[in-house]
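Everything below concerns the one structure shown next.
The values are calculated or read from the model by the stated rules, or taken from the named source; none is laboratory data. None of these values were measured; they are calculated from a predicted model. Note that each Cβ is placed from the backbone with ideal geometry, even for glycine, and that neighbours are counted across all protein chains shown. Accessible surface areas use protein heavy atoms only, side chains included; no ligands, DNA or RNA. Shrake-Rupley method; radii C 1.70, N 1.55, O 1.52, S 1.80 Å.
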Amino acid sequence: MRANGFVTGAALLTGLGLGGVALADALTSPDSQAIDPSFDIRTAEVTADAETLRFRMTVRGAAGARLPMPTGQLAGSEMLAYLWPTNFDSGIVGFPPRRGLLVLGLVSHPDLVETVGGKQLSSNWHPHWFVVSPGKSCGPFGLAMEEGPPATPGGLPVLTQVANLPFTIGNSQVEIDVPRKLLGDPGRLRYDGMTATLLVSATLSSPVVCLRVTDVASGRLTLTGTVTQQ
């Protein structure tokens, strides 16, 4: 791979005991009173119809109720995210190929200003694609955003891009719809569910963005979720 090796490495790096279990085509995770209920995963799943792959996550509390605290600067700031790591290659949505695991996420980042179609996103929840790979200094799960040229001038030097995709967030649920033609055969997709804080380096040096994992649906980032056909 790095992609196949990364899946194995991530599973070995955990040891946090955030155990989940695969049930049929979805993933379920036990409640944990130690986790903020807005980010305590109960289920993660992907369903497919003729046109759309729907990435869905439910949490114990109100999804999106907590936002990151703005700091006034990008260095040292934090982002919050609902994430679906996948087994698909980074190149499938236009990143350089074979760079790591492709991740779909719903992200809020008040200290990183992004404008798409004349609309400022920033702290508002919005979808992103990005790539993750092992980052040895990034905590128990050892995950970092893969580094590369920024998508926009002044952006972070990591492989990330805004995804212009329909989504909903509220009550206890997060959903993002992805055109089926973008990702190809849904039978090949393996995924997991994750909530995390994305930590920007105080010096913007490598690793530029570490993932501080809050919860993982499978417990060990084993990508055991499969798509439910509708």
note = By residue number, the members of segment 161-175 that are open to solvent by 60 Å² or more (accessible area, probe 1.4 Å) and part of a strand (DSSP E or B) are PHE167, THR168, GLN173
ask   = Taking segment 25-79 on its own, how many of its residues are of a type in the set (Ser, Thr, Tyr) and without any contact (Cβ under 8 Å) to a residue 60 or more places away in the chain?
value = 2
ask   = Has segment 160-172 got at least one residue that is of a type in the set (Gly, Ala, Ser) and modelled with pLDDT of 95 or more?
value = yes
message = Could you tell me how many of the residues in segment 176-210 are aliphatic (A, V, I, L, M), part of a loop (DSSP other than H, G, I, E, B) and open to solvent by 30 Å² or more (accessible area, probe 1.4 Å)?
response = 2
ask   = From the residues in segment 136-149 that are modelled with pLDDT under 85 and surrounded by 15 or more Cβ atoms within 10 Å (Cβ to Cβ), which one is farthest from the chain's Cα centre (by Cα)?
value = GLY139
request  = Go through the residues of segment 125-135 one by one and say whether even a single one is open to solvent by 10 Å² or more (accessible area, probe 1.4 Å) and out of contact with any Gly (no Cβ under 9 Å at 6 or more places or on another chain).
outcome  = no
ask   = Pick from VAL213, VAL107, VAL158: which is touching a strand residue (DSSP E or B) at 6+ places or on another chain (Cβ under 8 Å), in contact (Cβ under 8 Å) with a residue 40 or more places away in the chain, more than 22 Å from ASP36 (Cα to Cα) and buried (at least 18 other Cβ atoms within 10 Å of the Cβ)?
value = VAL158
ask   = Considering only strands (runs of 3 or more DSSP E) fully contained in segment 1-89, which possess at least 2 residues that are open to solvent by 20 Å² or more (accessible area, probe 1.4 Å) and modelled with pLDDT under 80?
value = 21-23
task = Return yes when VAL113 is modelled with pLDDT under 90 and out of contact with any Asp or Glu (no Cβ under 8 Å at 6 or more places or on another chain) and no when it is not.
result = yes
inquiry  = Would you confirm whether or not segment 97-109 contains a residue that is at pLDDT below 90 and over 14 Å from ALA163 (Cα atoms)?
reply    = yes
message = One residue is enough: does segment 219-230 have a residue meeting the conditions surrounded by fewer than 18 Cβ atoms within 10 Å (Cβ to Cβ) and touching a Lys or Arg at 6+ places or on another chain (Cβ under 6 Å)?
response = no
